[in-house]
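So the structure is just underneath, and the comments pick up after that.
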Amino acid sequence: MIFDLHGTLLDDEALRLRLLQERCAAHDVPFDEASYPARFAGLDDRTTFRLLWSEAQRPLPPDELRRLLAEKSRGYAAALAEEVPLFPGARSLFEEASRRLPVGVVAGSLRADAQAALKGAGFFRRCSALVTADELSRPTPSPEGYAACIAALDEVARRYGGEVITPRSVLVFEDTEAGIHAAQRAGCKVAAVAHTQRLDRLAAAESHAARLIDLDLAGLEKELF
């Protein structure tokens with residue numbers, strides 16, 4: 001099983017939005033908060049910054065992009081040091097899944113941010129594979145992140161004599177339309193939760209619910225596999 005991190009396990013979209021707004025304001029780049037859920041939910045930080053700077057007709061050299069990512073990452077780490085905001089049901093579902101199967105996480109953030117969040121939540125030791133945006137050449141909705149996570153999980157399973165893990169055997173938990181498309185293009189089935197986008201935007205998923213806490217792992221396995 002694979003969990004998207006931001007917006008699925010972590011209730012951190014408001015924090016990520018605030019940090020993005022701060023970076024835009026510091027550089028006089030316009031930012032429309034009302035359009036954020038529809039336009040940027042599910043996209044990684046690097047892609048979001050590039051789109052915003054492009055729309056503002058501002059150059060964004062690689063060194064400035066690295067500075068923006070580092071500044072946002074420092075703000076994120078400072079916030080997580082005070083609290084790691086999990087959605088209701090995230091802990092019980094993640095822990096149940098990890099007791100039964102190798103579990104992976106895909107994150108649209110830097111590895112440092114994702115690791116800090118997983119460690120703060122107590123999930124890192126239970127995570128068999130972690131793939132982050134800074135390790136990918138193509139962002140969501142490309143299937144690259146999920147394909148890489150599946151390969152890593154399969155390697156772990158083989159190392160310990162487990163069953164072969166293929167895309168058709170993997171269930172992904174997602175919260176955005178872009179993430180659903182990425183997981184399905186990688187060959188996985190998806191259970192979507194309407195944490196950050198309306199439920200009707202998630203209709204392409206094989207299963208969906210309003211909240212993570214509404215999902216039953218055993219029921220999903222029986223329904224989808």
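Of all lysines in the structure, the ones whose alpha carbon falls short of 26 Å from that of K189, not counting any fewer than 8 places away in one chain, are K222. Here's the thing: no lysines lie within a cross-link span of K119, going by alpha-carbon distance under 17 Å and ignoring same-chain residues fewer than 8 apart. Given their separation in residues at 0.36 nm each and the Cα-Cα distance between them, R168 and A204 gain 11.3 nm when the chain is fully extended. The length gained by stretching the chain between E33 and R125 to full extension, at 0.36 nm per residue less their Cα-Cα distance, is 29.6 nm. When a 1.4 Å probe is rolled over the protein heavy atoms, the share of accessible surface on the range 153-225 that falls to carbon and sulfur comes to 49 percent.
Of the trypsin sites (Lys or Arg not before Pro) found in the range 165-225, the ones in coil according to DSSP and having at most 16 other Cβ atoms within 10 Å of their Cβ are R198, R211. In the range 1-98, the portion of solvent-accessible area held by carbon and sulfur atoms comes to 49 percent [1.4 Å probe, whole percent, DNA, RNA and ligands not counted]. Surface analysis of the range 18-92 yields an accessible area of 55 Å² per residue, using protein heavy atoms and a 1.4 Å probe. Taking R0 as 22 Å, what's the FRET efficiency between R158 and E96 from their Cβ-Cβ distance, rounded to 0.05? In this case the efficiency is close to 0.40.
For a Förster distance of 22 Å, can you work out the FRET efficiency between the beta-carbons of E223 and E83, rounded to the nearest 0.05? So the FRET efficiency works out to roughly 0.05. Rounded to the nearest 0.05, the FRET efficiency derived from the C-beta distance between A151 and A14 at R0 = 45 Å is 0.85. Using the 1.4 Å probe convention, the accessible area of the range 184-223 works out to 52 Å² per residue with neighbouring protein chains retained.
Scanning residues 5 or more positions from G7 or on other chains, those with amide H under 5 Å from its amide H are D12, E13, with H placed 1.01 Å from N in the peptide plane.
Go ahead and set up a Gaussian network model of the chain, Cα springs under 10 Å, then flag whichever of P167, P141, P62 fluctuates most. For the chain, modelled as a Gaussian network with Cα springs under 10 Å, the answer is P62. The H on the amide N of V105, modeled in the peptide plane, is under 5 Å from the matching H of F3, A129, L130, V131, each at least 5 residues off or on a different chain. Using a/c under 1.5 as the rounded threshold, could you call the chain rounded, prolate or oblate? The axes a ≥ b ≥ c are square roots of the C-alpha gyration tensor eigenvalues, and prolate needs a/b larger than b/c, oblate otherwise. Cα axes put the chain in the prolate bin. Rounded, prolate or oblate: which one fits the range 167-225, using the alpha carbon gyration tensor with axes a ≥ b ≥ c (rounded when a/c is under 1.5, else prolate when a/b beats b/c, else oblate)? Cα axes put the range 167-225 in the oblate bin. Residues whose amide H lies under 5 Å from that of H208, counting only those 5 or more places away or on a different chain, are A192; hydrogens are built 1.01 Å from N in the peptide plane. Checking the cross-link filter: which aspartates and glutamates have an alpha carbon closer than 15 Å to that of K72, excluding same-chain neighbours under 8 positions apart? Once the sequence-local aspartates and glutamates are set aside, what remains near K72 is D12, E13, E22, D44, D45, D63, E64, D113, D134.
The values are calculated or read from the model by the stated rules, or taken from the named source; none is laboratory data. Every value quoted in this text rests on a predicted model; they were computed, and no experiment measured them. All Cβ positions, even for glycine, are placed from backbone atoms using ideal geometry, and neighbour counts span all protein chains on display. We work out accessible area using only protein heavy atoms, side chains counted, and drop any ligands, DNA or RNA first. Shrake-Rupley method; radii C 1.70, N 1.55, O 1.52, S 1.80 Å.
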